Amino acid sequence: MEPGKSKAFDLIVVGAGPGGYAAAIRGAQRGLKVALISREDPGGTCLHRGCIPSKALIAAAEVVHAARQAKNIGITYAPPQIDYAALIASKDRKVGQLSKGLSELFKAHKIEFVSGEATLKSAQEVEVRQIPSGMLALYQAKDIILATGTEPIRPKGFPFDGQLILTTDELFKITRLPASMVIVGGGVIGCELACAYNILGSEVALVEQLPTLLAGEERLVSQTLQKSLTRRGIDVLTGVAVTEMKKLAGKVAVTLATGSVLEVDLVLVAVGRGVGQDLLGLDTLGVKKNGRYVAVGSHLETSLPRLYAIGDLTGQTLLAHGAAEEGICAVENITGHAAVMDYPSIPRVTYTLPEIASIGMREEELKKLPHKTGRFGYAANAMALLHEEAEGFALIHTSEEGLVLGATVVGPQAAALIQEVALVMKNHLPITALMETIHAHPTFSEVLHEAALDTAGLAIHKFSKR
Ligand SMILES: Cc1cc2nc3c(=O)[nH]c(=O)nc-3n(C[C@H](O)[C@H](O)[C@H](O)COP(=O)(O)OP(=O)(O)OC[C@H]3O[C@@H](n4cnc5c(N)ncnc54)[C@H](O)[C@@H]3O)c2cc1C
């Protein structure tokens, strides 16, 4: 663009992660002239250093796990050899392929993709330092959606160097498999990666200062996961804080509040995410915050008119599909199709072994509400037994009237199974919709079906006193 000139659009979206690109595409589908500004290739945290790289490691770990388990059904392989650099190269190829696919979609939708770092000048103007030229350009629009995501929290006092002491921003670029590692933080990211690295062959200690892993899940889930990780050889240390980290000759000495010291090859700090340094200029413009995040109303609007914020920036879900749905919701509001977010029907998945998926309310939140709970274990499921994956359970909570309030699945295909409950909850269907749906045999989905039947004491492969 010529210096000093500005370009006008109906909609500018800043940030091309799952929230921003979904918003841009929906905007184009609704007939808006859209500019999408991003300082990196399309895909955001999710594609470049989040969901997809972490699941590449988990997918590899599942192959190794299956090969090791195979001996239980009479098949023996030689011990799996892991070429970690090749694994990372394969991940990079897939990330590149997916990012390129997004660029092609933008072209097809006639979305103008602008490569650069954006700063807000007003609620309708964005200044972009273009990449790679460094030239400044001004973009204007009737509506602006901010989708710039979050960054890992780096506690002061930990000597981060991006090599030995790092966050997930750097982890997936490392091409050597650490022989030993400490993961600080027993939330979703810490648990998933502890599981993957343990199976790939690293000696892993997982340190969490709260009393349980996955503090946001049902207590039974945290207990089941902790037992499973411990059985697999992960040193799970809950209720313990890390007090100091020191680098010494290619190793890191990690001191715990108990006084014990763990000497390891690598430390991953995964203690949460928040909005980073204010490069966007939110504070200068006086955009209201809600703690570490941007405050938004029910239509995703910020405190400034026609300026919207979505995705991790708002801290509402910290999930890729939550960000995408918020992006779509904001655009529907901009284009006059009234929409509000339905947060309770957003599923959450933790890709550990066993896999964990949940939706809606947990048992602990339901204590004061009259409710019924149906339970069924994978141990009584034929498909789970055939696959040597009989650990885990499904729980479904309903109101007295039979409306589904929440569910949790721990076990094989949990992520796929929870979608059935999402469909029921999103459409406010009664539990009978799940109970009366015929589930094919033998499938893992029978676990969920039986849990639904169990809310009325009608599970077939379980004896329940009525
Ligand atoms: C290790 C890990 C694993 C995860 N696994 C999952 C998972 O399995 N499932 C799931 O649902 N979620 C997962 N998440 C969370 C998920 O990645 C985020 O919820 C999601 O990426 C948020 O999307 P977003 O569009 O809000 O922001 P982001 O994806 O963070 O995208 C924001 C984009 O904006 C760009 N940007 C920032 N500031 C500017 C600026 N001033 N100018 C221009 N561009 C800018 C950034 O560079 C980035 O590209 C994971 C996260 C991590 C770290």
In whole percent, what relative contact order does the chain give with Cα contacts below 8 Å and a gap of six or more residues? 14 percent
Using 20 Å bins from zero, what percent of all Cα-Cα pairs in the chain falls into each bin? 22, 52, 25, 1
What order, most packed first, do the peptides 420-432, 363-375 have when packing is the mean number of other Cβ atoms within 10 Å of each residue? 420-432, 363-375
If amide H atoms are modeled at 1.01 Å from N in the peptide plane, then the residues at a separation of 5 or more from residue 149, or on another chain, having amide H under 5 Å from its own are 312, 313
Could you size up the charge dipole of the stretch 310-466 around its Cα centre, putting +1 on the beta carbon of Lys and Arg and -1 on that of Asp and Glu, and report it in debye to the nearest 20? 500 debye
For the peptides 309-316, 103-110, what is the packing order when you average, over each peptide's residues, the other Cβ atoms within 10 Å and list the highest mean first? 309-316, 103-110
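Under unit Cβ charges (Lys, Arg +1; Asp, Glu -1), what dipole magnitude, rounded to 20 debye, does the chain have relative to its Cα centre?
340 debye
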If every alpha-carbon in the stretch 354-454 counts as one equal scatterer, what log10 I(q)/I(0) does Debye give at q = 0.13, 0.16 1/Å? -0.40, -0.60
Give, in whole angstrom and from largest to smallest, the semi-axes √(5λ) of the equivalent ellipsoid of the stretch 187-335, with λ running over the eigenvalues of the Cα gyration tensor. 37, 19, 13
What pairs from 372/462; 372/426; 156/246 go past 24 Å between their alpha carbons? none
Lysines within cross-link reach of residue 173: Cα-Cα under 22 Å, excluding same-chain residues under 8 positions apart? 55, 91, 94, 100, 247, 251
Plugging the Cβ-Cβ distance of residue 369 and residue 133 into 1/(1 + (r/R0)^6) at R0 = 45 Å yields, to the nearest 0.05, a FRET efficiency of 0.15
Listed by chain and number, the residues whose amide H is under 5 Å from that of residue 13, excluding neighbours fewer than 5 places away on the same chain and using placed H, are 35, 36, 37, 145
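Using helices alone, I'd like the mean residue ellipticity at 222 nm for the chain: each DSSP H run of four-plus residues gives -39500 (n - 2.57), total over residue count, nearest 500.
-9500 deg cm²/dmol
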Among the lysines, which have Cα under 21 Å from the Cα of residue 227 when same-chain residues fewer than 8 positions away are ignored? none
Pop a pseudo-label 7 angstrom from the Cα along the beta-carbon direction at both residue 125 and residue 238 and give the gap in nm to one decimal. 5.4 nm
Ranked packing of 32-42, 69-79, 283-293, most packed first, by mean Cβ within 10 Å: 32-42, 283-293, 69-79
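Any read-out appearing in this document is the output of simple, stated calculations on the displayed coordinates, not a laboratory observation. Predicted model, so just to flag it, every value in this text is computed and none were measured. Please note: Cβ atoms are built from the backbone with ideal geometry, for glycine as well, and neighbour counts cover all protein chains shown.
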